[in-house]
Amino acid sequence: MFEIIFLGTSASAPSVHRSLPAQVVKHDEYRFLLDCGEGTQRQILQSGIGFKNLNQILITHGHLDHILGLAGLLSTLMRWETIEVLDIYGSRNALERIHDLLYGVVLRGAQAPMPLNLHIISPGTFFERGDFNISAFNVNHRGSDSLGYVFQEKGRRPFLAEKAEALGVPPGPWRRDLVEGRAVTLPDGRTIEPDAVLGDFKEGTRLVMIGDTGETESLVPVCRDADAIVVESTYLDHEADMARQFGHLTARRAAELAVQAQAKRLILTHISRRYRERDVLQEAQAYFPSTAVARDFDTYQVKRDD
């Protein structure tokens, strides 16, 4: 299961109720900050999640509304918070801009009090731990060398406790080994194979996070069968020409992406202050009913149904 905490859901400029783009994705003890618009550090505090273990930052692209908050965040971490390392991932274009911001404006020749690592990544898996991984994919947005991110739990065969009970498999290392696919010998001498207590293989939860984008055709394969897609919805359909001009989506096009990808759920963000939230939701739900429009500090749990 993944959990998303939306810290900023506005497009380009903040509004009274929406801050600039930033989300946190949680999985067990891991926490990842996706984008860091201006004011994100305050949103982190106001959300109550704090800075602990928030040392992995994924950047979709280098436009200022998605990265300016890194300056304030680093400044706060330098002065008030204890953090062992700060890892920032993104495309070469985005990280070059972030390097100038952090080293040229914040640090100005000084050393960061913690290792500060800028990781240039390409499409493919770049982070893998335990039962999940994160991969990057290309996104087209006004030539900005943009990336999206897939959070993928590893598939598994569920342990069928009732079958283990019926076979007399006691709790402890025997069940652990069976879950991991190894045959076991019970204290009474019987050998139990994993197939006797494991169900059919089930794909793991799949969460797709997309920043700004002007097209969806290339995104359909990577979004296929996603349990949730998080994507921008900067315009409504009556201004589709403007959306194409500036490389953004309408609510309708975002919903059509979810339909084409046969996704389970769509969460819209990057909402322009020129529109009412209910109008964005109404347009999208006309094409994909399982749509929500995120607000600042909303939390969503994403998991695959058994």
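The values are calculated or read from the model by the stated rules, or taken from the named source; none is laboratory data. These numbers come from a predicted model, not from an experiment. Counting neighbours? That spans all protein chains shown, and the Cβs are built from the backbone with ideal geometry, glycine included.
Could you list, in sequence order, all residues of segment 224-252 that are surrounded by fewer than 24 Cβ atoms within 10 Å (Cβ to Cβ) and part of a helix (DSSP H, G or I)?
Residues satisfying the conditions are Asp237, His238, Glu239, Ala240, Asp241, Met242, Ala243, Arg244, Gln245, Phe246, Arg252.
Is it fair to say Ile67 is in contact (Cβ under 8 Å) with a residue 12 or more places away in the chain, in contact with a helix residue (DSSP H, G or I) (Cβ under 9 Å, 6 or more places away or on another chain) and over 28 Å from Asp131 (Cα atoms)? So that I can check it myself, show each step before the final result.
Values: in contact (Cβ under 8 Å) with a residue 12 or more places away in the chain: yes; in contact with a helix residue (DSSP H, G or I) (Cβ under 9 Å, 6 or more places away or on another chain): yes; over 28 Å from Asp131 (Cα atoms): yes.
So Ile67 passes the test.
Hey, among Ala166, Ala183, Ala243, which residue is touching a strand residue (DSSP E or B) at 6+ places or on another chain (Cβ under 8 Å), small (Gly, Ala, Ser) and outside the structural domain of Arg274 (by TED's automatic domain parsing)?
Values: Ala166 fails: touching a strand residue (DSSP E or B) at 6+ places or on another chain (Cβ under 8 Å); Ala243 fails: outside the structural domain of Arg274 (by TED's automatic domain parsing).
When all the criteria are applied, what remains is Ala183.
Quick check on Val150: is it surrounded by 12 or more Cβ atoms within 10 Å (Cβ to Cβ), part of a loop (DSSP other than H, G, I, E, B) and modelled with pLDDT of 90 or more?
Working: surrounded by 12 or more Cβ atoms within 10 Å (Cβ to Cβ): yes; part of a loop (DSSP other than H, G, I, E, B): no; modelled with pLDDT of 90 or more: yes.
Judged against the criteria, Val150 is not a match.
To keep it simple, each residue is scored yes or no on (1) touching a helix residue (DSSP H, G or I) at 6+ places or on another chain (Cβ under 8 Å); (2) surrounded by fewer than 16 Cβ atoms within 10 Å (Cβ to Cβ); (3) among the basic types (Lys, Arg); (4) more than 22 Å from Asp227 (Cα to Cα).
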| residue | (1), (2), (3), (4) |
| --- | --- |
| Ser135 | no, no, no, no |
| Ala164 | yes, no, no, yes |
| Arg175 | yes, no, yes, yes |
| Arg182 | yes, yes, yes, yes |
| Leu198 | yes, no, no, yes |
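Just the residues that are in contact with a Leu (Cβ under 8 Å, 6 or more places away or on another chain) and of a type in the set (Gly, Ala, Ser), please, taken from segment 43-61. I'd like the intermediate steps shown before the answer.
So in segment 43-61, the residues in contact with a Leu (Cβ under 8 Å, 6 or more places away or on another chain) come out as 43-44, 47, 51, 54-61.
Ser47, the sole residue that qualifies.
Test Glu162 against the stated conditions and say whether it is touching a residue at least 24 places away in the same chain (Cβ under 8 Å) and part of a helix (DSSP H, G or I). Can you show your working first?
Numbers: touching a residue at least 24 places away in the same chain (Cβ under 8 Å): no; part of a helix (DSSP H, G or I): yes.
Spelling it out, it is not the case that Glu162 is touching a residue at least 24 places away in the same chain (Cβ under 8 Å) and part of a helix (DSSP H, G or I).
Do we find that Arg265 is crowded, with 21+ Cβ neighbours inside 10 Å, in contact (Cβ under 8 Å) with a residue 24 or more places away in the chain and more than 30 Å from Pro170 (Cα to Cα) in this structure? Talk me through it step by step, then tell me what you get.
Details: crowded, with 21+ Cβ neighbours inside 10 Å: no; in contact (Cβ under 8 Å) with a residue 24 or more places away in the chain: yes; more than 30 Å from Pro170 (Cα to Cα): yes.
Taking the combined requirement at face value, the residue does not satisfy it.
At least 3 residues that are over 20 Å from the mean Cα position of the chain (by Cα) in each: list the helices (runs of 4 or more DSSP H) lying fully within segment 1-118 that qualify.
Because the criterion is at least 3 residues that are over 20 Å from the mean Cα position of the chain (by Cα), the helices (runs of 4 or more DSSP H) in segment 1-118 that meet it are 69-79, 92-99.
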